[in-house]
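Colleague: Structure provided below as structure tokens; questions to follow.
The values are calculated or read from the model by the stated rules, or taken from the named source; none is laboratory data. Remember, predicted model here, so these are calculated numbers, not experimental data. Counting neighbours? That spans all protein chains shown, and the Cβs are built from the backbone with ideal geometry, glycine included. For accessibility, only protein heavy atoms count, side chains too; no ligands or nucleic acids. Shrake-Rupley method; radii C 1.70, N 1.55, O 1.52, S 1.80 Å.
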Amino acid sequence: MDIRFDGKKALVTGAGKGIGRDTVKLLAKCGADVYALSRTQSDLDSLKAEVPEIKTVCVDLSDWDSTKVAVEGCGPIDLLVNNAAIAKLEPFLEVTKEFYSYYLNNYFVNRTMNVNVRQLIQVSQIVARGMVERGLGGSIVNVSSQASLVGLTNHTVYCATKAAVDSLTKTMALELGPKNIRVNSVNPTVVNTAMGKIGWSKPEKAEPMKRRIPLGRFAEVEEVVHVILFLLSDKSSMMNGTCLPIDGGMSSTGV
Ligand code: NAP
């Protein structure tokens, strides 16, 4: 299957590392004019060194005002990948305001919600308004997680944010579909990135999780990126509002 994005402008958030970084590379290879947005300038510099034709945008998406300026500055966008997110771990019974206030200066809950959910709404609004104005349609892929579909020990707030991403995917699909803007999410299992290592690098954590996955392994970055590009492309032209597991069968087999 040949997927090309010649003449299309794409924006990928969280492009500095992991899934976002490789999504930028493949989109550029497939002909898209890509804006790579992330938080750490050195990541963007090294990405630009690898793929000189991309444009880079350095902004912390938890900052509403800076995000507005940065995303509006990209101009019209045809393809959006809402990929940026953070994951911090905590047991459900320890999710209290006092816990975070005491240990983390009230940083974590607000920041996780801001980075995983609020900015996704803000970035999508800015991009979708431009799509509507131009009347040419568009495609948006939200990078969600298996964490929205099944419970994961110690991932309380992260799971909640990803369930919100799935819910947003469906509402956005409903409201933007009539304007020829498709919105879908991908819901990967553990992927071997910096984030994947946070929860799953220890064998005592990884092995029981792999046993829940009928294919018996975690996902490669490439296996997620290929599905993202498929959903961005016209090859998926009748898909809208789908939350698509990339989990080796875990969520559908209930193990
Ligand atoms: P990653 O390796 O940690 O990369 C995340 C990227 O997002 C980094 O470049 C990071 O920049 C950027 N980012 C984070 N906060 C940001 C902010 N406030 N503003 C701008 N950029 C920000 O993560 P990943 O594993 O590639 O994850 C990508 C997506 O896949 C996420 O939505 C994640 O929830 C989802 N996912 C991951 C897994 C997994 O196991 N890895 C599984 C399912 C779903 P800095 O490093 O500079 O902060």
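Colleague: For the range 116-204, please list each of the helices (runs of 4 or more DSSP H) lying entirely inside it that holds at least 2 residues being at pLDDT 95 or above and either open to solvent by less than 40 Å² (accessible area, probe 1.4 Å) or closer than 17 Å to Ala85 by Cβ (or both).
Modeller: 119-134, 156-176
Colleague: Could you list all residues from the range 70-90 that are open to solvent by less than 50 Å² (accessible area, probe 1.4 Å) and at pLDDT below 95?
Modeller: Ile86, Ala87, Glu90
Colleague: Another question, then. Which residue pairs have Cβ atoms closer than 7 Å, lie 6 or more positions apart in sequence or on different chains, and pair a first residue in the range 23-49 that is in contact (Cβ under 8 Å) with a residue 40 or more places away in the chain with a second residue that is among the polar types (S, T, N, Q) and assigned to a loop (DSSP other than H, G, I, E, B)?
Modeller: Correct list of pairs: Thr23/Asn83.
Colleague: Among the residues of the range 12-29, count how many are within 12 Å of the ligand (Cβ to nearest atom) and touching a Leu at 6+ places or on another chain (Cβ under 8 Å).
Modeller: Going through the range 12-29 one residue at a time, the tally reaches 8.
Colleague: Same structure again: Considering only the range 223-240, state which residues are open to solvent by 20 Å² or more (accessible area, probe 1.4 Å) and in contact with a strand residue (DSSP E or B) (Cβ under 7 Å, 6 or more places away or on another chain).
Modeller: Within the range 223-240, Glu223, Val227, Met239, Asn240 qualify.
Colleague: For the subset of the range 1-11 comprising residues that are open to solvent by 30 Å² or more (accessible area, probe 1.4 Å) and assigned to a loop (DSSP other than H, G, I, E, B), which member is nearest to the ligand (Cβ to nearest atom)?
Modeller: Among those that are open to solvent by 30 Å² or more (accessible area, probe 1.4 Å) and assigned to a loop (DSSP other than H, G, I, E, B), it is Lys8.
Colleague: Please go through the range 31-69 and give me each residue that is within 13 Å of the ligand (Cβ to nearest atom), open to solvent by 20 Å² or more (accessible area, probe 1.4 Å), assigned to a helix (DSSP H, G or I) and hydrophobic (A, V, I, L, M, F, W, C), ordered by number.
Modeller: Trp64
Colleague: Could you please tell me which pairs satisfy a Cβ distance under 6 Å, a separation of 6+ or placement on different chains, a first residue in the range 143-156 that is within 12 Å of the ligand (Cβ to nearest atom), and a second residue that is among the basic types (Lys, Arg)?
Modeller: Ser144/Lys162; Ser145/Lys162; Ala147/Lys162; Ser148/Lys162
Colleague: Need the failing condition index for Leu215 against (1) at negative phi; (2) assigned to a loop (DSSP other than H, G, I, E, B); (3) surrounded by 13 or more Cβ atoms within 10 Å (Cβ to Cβ), just the number.
Modeller: (3)
Colleague: Return yes or no: is Gly241 touching a residue at least 24 places away in the same chain (Cβ under 8 Å), on the phi > 0 side of the Ramachandran plot and not aliphatic (A, V, I, L, M)?
Modeller: Taking the combined requirement at face value, the residue satisfies it.
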